[in-house]
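Take a look at the following structure, please.
The values are calculated or read from the model by the stated rules, or taken from the named source; none is laboratory data. Just so it is clear, the model here is predicted, and its values are computed rather than measured. Every residue, glycine as well, gets a Cβ built from its backbone with ideal geometry; the counts of neighbours run over all protein chains shown.
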Amino acid sequence: MCEFPESSLQQLVDRAAADPDAFVALYHLYVGRVYAYVAARVDNTNDVEDIVSDVFMRALSNLDQLRTKRADSFASWLFSIARHVVADYYRRDGRSHPVQPFEDSAELAAPDPSPDQIILESVEAAALYALVRGLPERQREIVTLRYYGGLRNREIAAVLGIGEKTVSAYLSRALSELRAAYERRVQADARA
């Protein structure tokens, strides 16, 4: 989640089309979230970097199309672009939708963890991501936007073009399914 005073964020969004420094500041505020979202959807680190670059280039060249200049709409608008760029990536050359091995995302963890923590987090992250991968596409998309992209439900609703209550329902169902699958996994591990 972006920890930035909303009034300052609003000023950046308002100035971004005319002031390159304002857009650079927005880039720095959102690049980590966009990267995490794209990395959760794409399996190749080089492709992730290219896609994130493309997202921000498209955002910069289309700032005039941002219908409202509200700060919360900027996040929704930016992640809509990210979602479309990822979809374009998979449409090109008929690529299938492979899932990013979550171990590669362990780099986003706190700096300087102990070797034991790294191994444990990597194993747990891979297991969690395998569970997320098993969700239906819409639920997986909502979970990645929420927990990797850091979007709120109303922002996710704007990105996907669905109602906020629908997002809440999908998210609730996805979390229930993840919890049940995790409990089944723990029970199976205990029996083994």
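So which residues in segment 176-190 are of a type outside the set (Asp, Glu) and surrounded by 15 or more Cβ atoms within 10 Å (Cβ to Cβ)? I'd like the intermediate steps shown before the answer.
Within segment 176-190, the first condition is being of a type outside the set (Asp, Glu), and the residues that meet it are 176, 178-182, 184-188, 190.
Passing the criteria: Leu178, Ala181.
Yes or no: Val38 at pLDDT 85 or above, of a type outside the set (Ser, Thr, Tyr), surrounded by fewer than 16 Cβ atoms within 10 Å (Cβ to Cβ) and part of a helix (DSSP H, G or I)?
Working: at pLDDT 85 or above: yes; of a type outside the set (Ser, Thr, Tyr): yes; surrounded by fewer than 16 Cβ atoms within 10 Å (Cβ to Cβ): no; part of a helix (DSSP H, G or I): yes.
No, not satisfied.
Which of the residues that make up segment 129-146 are assigned to a helix (DSSP H, G or I) and buried (at least 16 other Cβ atoms within 10 Å of the Cβ)?
Those that are assigned to a helix (DSSP H, G or I) and buried (at least 16 other Cβ atoms within 10 Å of the Cβ): Tyr129, Leu131, Val132, Gln139, Arg140, Glu141, Ile142, Val143, Thr144, Leu145, Arg146.
Considering each residue of segment 41-65, count those that are free of Cβ contacts under 8 Å to residues at least 40 places away in the same chain and assigned to a loop (DSSP other than H, G, I, E, B), and give that number.
Within segment 41-65, residues that are free of Cβ contacts under 8 Å to residues at least 40 places away in the same chain and assigned to a loop (DSSP other than H, G, I, E, B) number 2.
Could I ask something else about it? Looking only at segment 155-171, filter to residues that are of a type in the set (Gly, Ala, Ser) and surrounded by 11 or more Cβ atoms within 10 Å (Cβ to Cβ); which one of those is modelled with the lowest pLDDT?
Ala158
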